[in-house]
Structure formats: C-alpha cells, structure tokens
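Here's the structure, in structure tokens; my notes come after.
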Amino acid sequence: MIEAEEEPYVPPYSEDEEPAFLTQWLEAEESLQVLGHACVSMLSASFHLYFKTWERQFNVPAGDKYKSDFKRGWFNGYKAYFLGEFRVAFEDSQCNLGLLEELVLARNRVQHPESITSQSTYYSEDDLKKLQSPFFIDNRDFELFNEQEESERGWLMPPAIHVTPEKFLAAVSEVARFAEWLEKP
C-alpha cells in the first residue's frame, strides 16, 4: 500500500528528500523478513524431522557409521546414510539439492546470527564460497552479483538472507517434490 501510494499512505506535500512513510515501510519490510525467517526455520525443521522419522521407521540408526557425514550437516549425513544403507542417491531425484542444502544453511544462519545488534541475518563468507548463486537474496543483490564477471565475483559485504513469499514457496515445492520422489515405490 505504501509503494502504491494508496490510502492511508498518500504522500503529503513535502520538500524533504526523505520519502514519506519511510519509517512505516522499513518496519513493514523488517516484519516480513522476520516472518520469512520463521517460515524458513519451520520448513527446515520439518524437513529434518522427515528424515528422522524415516530413520526410526527403518529401525536402522545412522549412529557412528555416518558421524563424519553428519558433522558436515544433517542433510549431508542423511544423503550418505540413504546411499550407504539403501543405495538411494539423492542426486537421482532430479531435485534442486543445492536449494535444499541452502534451506538448511539459511535456517542455521537465522537461528544462530553472528551479531546481536543487527536486525538482518547475513550469509557468511564461508556460505558464499559454497553457494554459486545464493537463492535467498533480494533482487538488487542478485543483479549486482550477476553483473560481475565470474572471475571477479565476490561480495563487498555479504548479502542479507531475504525471504520473499515466492522464494519460500519455491523451497516448499522443492521439499515436497523431493519427498514425493523418496516415497515412490
């Protein structure tokens, strides 16, 4: 409503260079990101519980056998577990495994921020080395990243984890698609 200049956000006449309703717009945007971060966290937690449930159903604990794989993250641990125990290769799913891994990474960044003073959550330098093109970033950061030559790509400042409804729904869809694949007889 603010960007569309609809009631009650019709800008009054002002010679001030600051946009009208900037404070309200910033608060609304921050609230949307908090909601997006919560949604990413819940989706990642549900996905994790999905794998734990399979492990209990199979009655074949991952235990010490896959400990080193789980140290690189639970998604990598379950990838090794399914391959080693059941000859199920996640790569055969034709799903975007990078997005599924980034979902977990984004959840971890959101739940374990590096700063108490910032309202935003940012990818770390290590995260950006793993990700060819981060999924949960805003369009402006994505365009800046894509404008650079591949050999010169880098981030002056790590981008914030930015969750839009479209990106969240894409992640939900990919999790559902993966689950359908895994559950096929």
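The values are calculated or read from the model by the stated rules, or taken from the named source; none is laboratory data. Bear in mind the structure is a predicted one, so any value in this text is a computation, not a measurement. Because the Cβ atoms are built from the backbone with ideal geometry, glycine has one as well, and the counts that use them run over all protein chains shown.
Of the residues that make up region 44-64, is at least one crowded, with 17+ Cβ neighbours inside 10 Å and among the basic types (Lys, Arg)? No, the conditions are met nowhere in region 44-64.
Entry remark, region 30-54: residues being charged (D, E, K, R) and within 12 Å of His162 (Cα to Cα) number 1 in total. Quick check: is even one residue across region 22-34 of a type in the set (Phe, Trp, Tyr), more than 26 Å from Gln111 (Cα to Cα) and over 18 Å from the mean Cα position of the chain (by Cα)? No - not one qualifying residue is present in region 22-34.
All of Arg87, Arg72, Arg107 fail the test of being basic (Lys, Arg), loosely packed, with under 15 Cβ neighbours inside 10 Å and within 19 Å of the chain's Cα centre (by Cα), apart from Arg72. Selection of helices (runs of 4 or more DSSP H) fully inside region 123-185 by the criterion of at least 2 residues being buried (at least 18 other Cβ atoms within 10 Å of the Cβ) and modelled with pLDDT of 90 or more returns 165-183.
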